[in-house]
1. Could you look through segment 26-44, keep only residues that are outside any loop (DSSP other than H, G, I, E, B) and of a type in the set (S, T, N, Q), and pick out the one that is surrounded by the fewest Cβ atoms within 10 Å (Cβ to Cβ)?
2. Are any of the residues in segment 69-87 at pLDDT 95 or above and part of a strand (DSSP E or B)?
3. Could you tell me whether LEU64 is assigned to a loop (DSSP other than H, G, I, E, B), at pLDDT 95 or above and touching a helix residue (DSSP H, G or I) at 6+ places or on another chain (Cβ under 7 Å)?
4. Can you tell me which condition ASP65 does not meet? The list is (1) surrounded by 19 or more Cβ atoms within 10 Å (Cβ to Cβ); (2) in contact with a Gly (Cβ under 9 Å, 6 or more places away or on another chain), and all the others hold.
5. For ALA45, indicate whether it is closer than 20 Å to HIS99 by Cα and more than 16 Å from the ligand (Cβ to nearest atom).
6. Is it true that some residue in segment 64-72 is hydrophobic (A, V, I, L, M, F, W, C) and closer than 18 Å to GLN96 by Cβ?
7. Among the listed residues LYS56, LYS51, LYS113, LYS89, identify the single one that is surrounded by fewer than 17 Cβ atoms within 10 Å (Cβ to Cβ) and touching a Ser or Thr at 6+ places or on another chain (Cβ under 7 Å).
8. List every residue pair whose Cβ atoms sit under 6 Å apart, with the two residues 6 or more apart in sequence or on different chains, where the first one lies in segment 19-43 and is at negative phi and the second, anywhere, is near the ligand (Cβ under 9 Å from one of its atoms) and among the polar types (S, T, N, Q).
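The values are calculated or read from the model by the stated rules, or taken from the named source; none is laboratory data. Source: prediction; values computed, not measured. No Cβ is skipped: glycine too gets one built from the backbone with ideal geometry, and neighbour counts run over all protein chains shown.
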Amino acid sequence: MQRLFAGTPWDRPPTCERCGNAESECTCPPVVPEPKRLAPESQTARIRREKRAKGKLVTVVANLDPDGNDLTALAAQLKARCGAGGTVKDGLIEIQGDHLDTVDATLRSIGYKTKRG
Ligand SMILES: [Zn+2]
């Protein structure tokens, strides 16, 4: 993007707002914005079973905003409840095995609305 005052006396190199150094010399740690979490009550998780390679079943939790939820923590909670492994991938939580009922009950106990399929 062209800077507004490019080529004029106002065209100064961008400086860091925290240390005042030119951005190229700035050594401030990158700012990680605090993610804005959403209330579980305001969200509907979609739960479904999917078949993976070799006919293995996984329970998939979809439709949860990856920025609005700590999916990693949620996955850990679901894995513990189901006694199964699992991963977070592309904003989806995958729990190994068929745990539709347990996942549904766990999500509801946290406050999420759920929908099958
Ligand atoms: Zn800085």
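1. Looking at the filtered set, the residue picked out is SER42.
2. yes
3. So LEU64 fits the description; yes.
4. Failed condition: (1).
5. So ALA45 passes the test.
6. yes
7. Being surrounded by fewer than 17 Cβ atoms within 10 Å (Cβ to Cβ) and touching a Ser or Thr at 6+ places or on another chain (Cβ under 7 Å) holds for just one of LYS56, LYS51, LYS113, LYS89, which is LYS113.
8. ALA22/THR15
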